[in-house]
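The values are calculated or read from the model by the stated rules, or taken from the named source; none is laboratory data. The structure displayed is predicted, hence computed values, not measured ones. Here the Cβ is made from the backbone with ideal geometry for all residues, glycine too, and neighbour counts use every protein chain on show. SASA here: full protein model, heavy atoms, side chains in, ligands and nucleic acids out. Shrake-Rupley method; radii C 1.70, N 1.55, O 1.52, S 1.80 Å.
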Amino acid sequence: MIIYGVALLAICTLAGVIMGDMLGVLLGVKSNVGGVGIAMILLICARLWMQKRGGMTKDCEMGVGFWGAMYIPVVVAMAAQQNVVTALHGGPVAVLAAIGSVVLCGCTIALISRTHKGEPLPDEPEETIPVGTPVGGR
């Protein structure tokens with residue numbers, strides 16, 4: 001059911017917020033550090049784990065897919081509210097977190113692309129246009 005997808009998202013969000021708060025405490029920052037990103041990674045991992053084990057029904061996948069797509073506007077809205085100048089003046093933690101996340105994401109993408117080749121794309125037939133045919137018209 002779709003509600004199971006929403007429940008999975010809620011569990012991942014709560015776990016991400018808790019882990020982000022704990023990471024903030026460990027780094028000495030009085031805020032959540034990466035909670036939404038951690039929640040998104042947890043949601044992706046949970047969805048993949050459930051699909052491999054056959055626990056993800058079509059309706060559940062629709063719920064996860066809908067709310068997973070809603071994460072992008074949420075992250076953009078959260079980033080728009082942050083004061084970047086204050087974060088940079090607050091210390092090197094913000095700069096280190098930004099550089100670290102970019103490097104980690106780049107390494108993860110490189111690792112995934114090297115280990116998981118996936119299915120090749122189907123060949124598309126080449127379409128020939130007769131000489132003298134107007135472009136975009138009949």
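Details
- G100 being more than 30 Å from A7 (Cα to Cα), modelled with pLDDT of 65 or more and either open to solvent by less than 100 Å² (accessible area, probe 1.4 Å) or of a type in the set (S, T, Y) (or both): yes
- Among the residues of the stretch 27-72, those that are of a type in the set (S, T, N, Q) and either farther than 30 Å from P92 by Cα or exposed (fewer than 15 other Cβ atoms within 10 Å of the Cβ) (or both) comprise S31, Q51, T57.
- Condition met for M40 (modelled with pLDDT of 70 or more, out of contact with any His (no Cβ under 9 Å at 6 or more places or on another chain) and farther than 24 Å from C105 by Cβ): no
- Considering the stretch 24-40, the residues that are part of a helix (DSSP H, G or I) and free of Cβ contacts under 8 Å to residues at least 12 places away in the same chain include one that is nearest to the chain's Cα centre (by Cα), namely G24.
- Among the residues of the stretch 1-26, those identified as open to solvent by 40 Å² or more (accessible area, probe 1.4 Å) and modelled with pLDDT under 85 are M1, I2, I3, Y4, V6, A7, A10, T13.
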